[in-house]
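Structure, as structure tokens:
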Amino acid sequence: WAKADGRGRSALFDAGRNADDVARYALSAALPAGLRNDEFVLAYQPLVDLRTGAMVGVEALARWRHPARGELGPHEFIGLAEDSGLIGTLGLQVLEKACRQALRWESAGSAPPFVSVNLAVQQIRDPALVGRIAAVLDRVGLPAGRLQLEITESAVMSIDDHTLGTLRALRGLGVRLVIDDFGTGYANLSYLCDLPVHGLKLAAQFLRDLDGRQASRRAALLEAMVSVGHRFGLAVTAEGVETRSQADLLRGLGCDLAQGWLFGRPIPPGEVRF
Ligand code: C2E
Ligand code: MG
Ligand code: MG
Ligand code: MG
């Protein structure tokens, strides 16, 4: 349909499409080949213990080395992969790469205690997910305790029995589970009573404006978020920590782990130092 004849073009624009949509369409069409050709790579960002400063883990973040467009971030392709039904395939590639990398670091001398991998909503809904993850761990030979899975809050917004069963089974494998972007998805927090997770990752937005006009309210909100996590026996990670003063405040509140540019940006696996 992209043929540049007059009629094709007008149909394109009559439909309300614009250059962005055309680019999205092209990227979406390139996804299957990208997956086949192993164009997806992972960057790793440290997770740091706020008390000791030690790196306790790394989060694997997907990047697409697109042959024509260069390196693309997840905001440019995760949604497309979800819409085209390829997120399961991409997610498993990411999982396997991250698990293999954890062992590669180990044989090179030192490795992070765990590697953290993001799961998309559709993956959680997949009845075969637990089996697939177990198979990857088995094939790679990584102990389940060294894998953490991040589930966005929006994925557990409506917890049905199926989702709960999946999370329980994952926990049963020995995998660590955390809720990602906590505080952004859903106002009804009662789901916390049901979910078998080990931790929460506070969305970066809770660190905004901590020295602005509403500083004391912002700090009160942050304190409340940390204490919700702790009251449920969960480890609390703060995301998007960029400044020393944010880290100091979080440490004072008893927040457990932190992740952000202050401690390190996402980088290629060969550059990670433990
Ligand atoms: P996320 O899981 O919440 O990951 C944290 C995002 O915040 C990453 O963006 C990271 O680069 C960014 N970040 C970390 N520290 C800072 C900081 O101090 N300041 C700022 N401004 N940003 C910081 P990235 O890599 O662009 O990933 C965006 C999102 O894409 C991720 O958010 C995650 O939801 C999703 N994503 C990434 N990789 C995967 C994947 O393999 N599978 C799935 N399903 N989603 C993924
Ligand atoms: Mg981003
Ligand atoms: Mg994450
Ligand atoms: Mg997050």
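Residue pairs, Cβ under 7 Å, 6 or more apart or interchain, first in segment 38-50 and of a type in the set (S, T, N, Q), second modelled with pLDDT of 95 or more and buried (at least 22 other Cβ atoms within 10 Å of the Cβ). List them.
Every condition considered, the pairs that remain are Q45/V58; Q45/E59; Q45/Q259.
Does segment 133-148 include one or more residues that are away from ligand 4 (no atom under 16 Å from the Cβ), β-branched (V, I, T) and within 15 Å of G88 (Cα to Cα)?
Taking every residue of segment 133-148 in turn, at least one turns out to be away from ligand 4 (no atom under 16 Å from the Cβ), β-branched (V, I, T) and within 15 Å of G88 (Cα to Cα).
Restricting attention to segment 238-251, which residues are more than 16 Å from ligand 2 (Cβ to nearest atom) and in contact with a helix residue (DSSP H, G or I) (Cβ under 9 Å, 6 or more places away or on another chain)?
A238, T243, Q246, L249, L250
In this structure, is V117 of a type in the set (A, V, I, L, M), within 16 Å of ligand 3 (Cβ to nearest atom) and at pLDDT 95 or above?
Here the answer is yes, as V117 does meet what is asked.
Scan segment 147-157 and give yes if some residue there is free of Cβ contacts under 8 Å to residues at least 24 places away in the same chain and more than 16 Å from ligand 3 (Cβ to nearest atom), otherwise no.
No, the conditions are met nowhere in segment 147-157.
Exactly one condition in (1) out of contact with any Phe, Trp or Tyr (no Cβ under 6 Å at 6 or more places or on another chain); (2) closer than 21 Å to L129 by Cα is not met by I159; state its number.
Failing condition for I159: (1).
Quick check on G260: is it within 15 Å of ligand 4 (Cβ to nearest atom), under 22 Å from R63 (Cα atoms) and buried (at least 20 other Cβ atoms within 10 Å of the Cβ)?
Yes; evaluated as a whole, the condition is true for this residue.
Being at pLDDT below 95 and crowded, with 18+ Cβ neighbours inside 10 Å narrows it down to one of L195, L234, L250, L189, so name that one.
Matching residue, one of L195, L234, L250, L189: L195.
When you scan segment 235-249, how many residues do you find that are within 15 Å of ligand 4 (Cβ to nearest atom), among the hydrophobic types (A, V, I, L, M, F, W, C) and more than 17 Å from the chain's Cα centre (by Cα)?
The total comes to 0.
Mind counting the residues in segment 177-191 that are under 19 Å from the mean Cα position of the chain (by Cα) and either assigned to a strand (DSSP E or B) or more than 15 Å from ligand 4 (Cβ to nearest atom) (or both)?
Total satisfying the criteria: 6.
Go through segment 137-179 and count every residue that is under 20 Å from E239 (Cα atoms) and either in contact with a Lys or Arg (Cβ under 8 Å, 6 or more places away or on another chain) or among the hydroxyl-bearing types (S, T, Y) (or both).
9
Suppose we filter segment 101-122 for residues that are aliphatic (A, V, I, L, M) and more than 13 Å from the chain's Cα centre (by Cα); how many remain?
Count: 4.
Can you tell me which residue is farthest from L47 (Cα to Cα) among those in segment 137-154 that are surrounded by 17 or more Cβ atoms within 10 Å (Cβ to Cβ) and within 14 Å of ligand 1 (Cβ to nearest atom)?
E153
Output the residues belonging to segment 256-273 that are modelled with pLDDT under 95, in a loop (DSSP other than H, G, I, E, B) and out of contact with any strand residue (DSSP E or B) (no Cβ under 6 Å at 6 or more places or on another chain).
Hit for segment 256-273 is R273, nothing else.
On the basis of being within 13 Å of the chain's Cα centre (by Cα), within 25 Å of R24 (Cβ to Cβ) and surrounded by 14 or more Cβ atoms within 10 Å (Cβ to Cβ), does A98 make the cut?
Judged against the criteria, A98 is not a match.
As an exercise: evaluate A247 against (1) under 30 Å from W64 (Cα atoms); (2) among the small types (G, A, S); (3) touching a strand residue (DSSP E or B) at 6+ places or on another chain (Cβ under 7 Å); (4) outside any strand (DSSP E or B) and give the number of the one condition it does not meet.
With respect to (1) under 30 Å from W64 (Cα atoms); (2) among the small types (G, A, S); (3) touching a strand residue (DSSP E or B) at 6+ places or on another chain (Cβ under 7 Å); (4) outside any strand (DSSP E or B), A247 is out only on (1).
Taking only segment 198-220 into account, find how many residues are surrounded by 14 or more Cβ atoms within 10 Å (Cβ to Cβ), of a type in the set (A, V, I, L, M, F, W, C) and either within 16 Å of ligand 2 (Cβ to nearest atom) or more than 15 Å from the chain's Cα centre (by Cα) (or both).
Qualifying residue count, segment 198-220: 6.
The values are calculated or read from the model by the stated rules, or taken from the named source; none is laboratory data. Predicted model only: the values in this text are computed from it and were never measured. Methodologically, a virtual Cβ is constructed for each residue, glycine included, from the backbone with ideal geometry; neighbour enumeration extends over all protein chains shown.
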